[in-house]
Structure formats: C-alpha cells, structure tokens
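Here is the structure we will look at.
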Amino acid sequence: MARTKRQTRQGIVIFALEWLILFLAVSLATIAERSLVFNIVSITALSFLGTYLILKTKKLGVSTDMASLNNLGNPLMTRLLKVAPGTYNHSLIVAQLASSCGKAISINSELLQLGAYYHDIGKIMNPSIFVENGKNTGSEHNLEKKIIAHVKNGLKIANEYFLPVEICDLIIQHHGNSRVESFKESGFHYPGPKPQSKIAGIIMLSDCVEASVRSQKNPNEITIRKIIDTQVKKKQDSGQLSESGLSEDEIGKIKQDFALTISNIYHKRNKQ
C-alpha cells in the first residue's frame, strides 16, 4: 500500500528542513569576513536546532498516526470489518475490556484500546478458519499452522499500512508462546515473544477472556467470574505474564474490572 498523504507531507518537511539547515551552515562557513570561532559556533548551533526540529517533526508525525488509528472508518479497519466481521466485533470488545483495565491500574488506556483494535488484523488473510467468522474446515494439522500464522500475517499487514511500532509489538506479543487451544490436544505453540509490557499483558488477557466468554450462551455472573479466573490462572501458570511487569495486585484489579465490564456488556445485550 502506498504511503498516506500525511506521511508523505511529513517526509517532505523533514527533507526540506535538512536541506535548509545544510544551506545555512555552508553559507555561514563561506562568509570570509566572519571569524573561525563565529563559524564554528554558528554551525554547531544550527546543527542542534536542526536535530531538534527534525526529531520534533517525526514525533508529531507518530502522534498524528496514533491518533488517526482511533478512526474505525480508516481503510484497514474497514477491510477487517468487510472480510472478517466476527474478528472485528471481537476486537472492539477486547478494546473495551483492555481500555477499562488501563484506567483501573492507571496505565495508557488509549494505547490499550488501539492495540486491541489491531491485534488480530492477521485474521484478514484466512478469516473463515477462525470460529468467530465461521466454521473451521480442513485437517487439524493444517488449521493449527494457519491459526498460528495470523500473528505473522498481522505484522506483515501492519507494516503494509505503516502502523506504529508500538502497535506492531502488541500484535506479535498478544499470544506470547502459548499453546494453541483451538483443539483439545495440541502440540503447537505461538512463536512469541511473551508480553514485554503491562499493556501487552492486558491485551493478552482481554483477548482470551473475551473469546472464552463469547463461546458461552448467555453466561451469568458466576460463569463469567469462573471463566476469568480460569483464563488468567492459565496464563500465569504457563509463565505468559512473567515478563509483562504486571504485579499480583494489578492482576487482581484487572480480574475485577473484567467481571464488571463483561457483566455490563451482557446485561445490555440481554435487555435489547
């Protein structure tokens, strides 16, 4: 996919700044009337100013990119909705869970929401093999390999759409090196790495909890809490959260927030 207009403008601005600074530096250096000390000081000052302006421009570009990802009408999310509507809906609920958890333990809820929106974009490649989009077909062996591949495919798609590195990291970490649980007996594992941040850990937990709750028909509060306890314990016992930085106290708050948020979601659905 071609770069966006915003990214193209950003590149032009940085290129222009670099050439302007170089031009000014050379112009000052060639003015014979100026002293050597003046030239050195001027060129050094311009270099520092140029570095600052370029870095600031790049930083603003990244921030703008992150903000634009909140727009669910962007081309990538529109593609996900069209090709894999079940995954799209799953991602929105995961985003709701993750963002709420971020507020509960005072970490970046905006990045949690964005990471959850895009964590499963790799399912665009083979949408029908995932239960939320339709019935699995084919041999178990082939299915497991294709299911695992959605992480690698997600990173590939993220790069095609120039998603920020923060989002790419969350895509490749959201399953860690967990065993594939689509079938009762599986010797296949995701490639990892394990979640390397609290944000990645929360998205992992939100993902597996939402998928488990969704598989139940009209779950009550007791069922929901049991699912949350089981899924979180499973990730803890397998060491998936060992590098995330999440404390036991934070995990306890996350579980409480899951129970409240999920109960509210299903309560609203049952009233409709």
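Bear in mind that the values in this text are calculations on the coordinates, not laboratory data. Model, not experiment: these values are computed from the prediction. Virtual Cβ from ideal backbone geometry, glycine too; neighbours counted across all protein chains shown.
Data overview
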{"item": "Label-to-label distance, nm, for residues given as residue 181 and residue 131 (7 Å Cα→Cβ offset)", "result": "1.0"}
{"item": "Computed E for residue 223/residue 145 - FRET, C-beta separation, R0 30 angstrom, nearest 0.05", "result": "0.40"}
{"item": "Karplus (6.51, -1.76, 1.60) ³J(HN,Hα), θ = phi - 60°, over the range 74-90, in Hz, Gly and Pro reported as x", "result": "5, x, 5, 5, 5, 5, 4, 4, 6, 8, 9, x, x, 5, 4, 5, 4"}
{"item": "Flagged links, alpha-carbon separation over 21 Å, of 152/194; 152/255; 145/226; 82/194; 194/235", "result": "152/255; 145/226; 82/194"}
{"item": "Likely footprinting exposure, 162, 130, fewest C-beta neighbours within 10 Å first", "result": "162, 130"}
{"item": "Amide H contacts of residue 189 (H built 1.01 Å from N, under 5 Å, at least 5 apart or other chain)", "result": "180"}
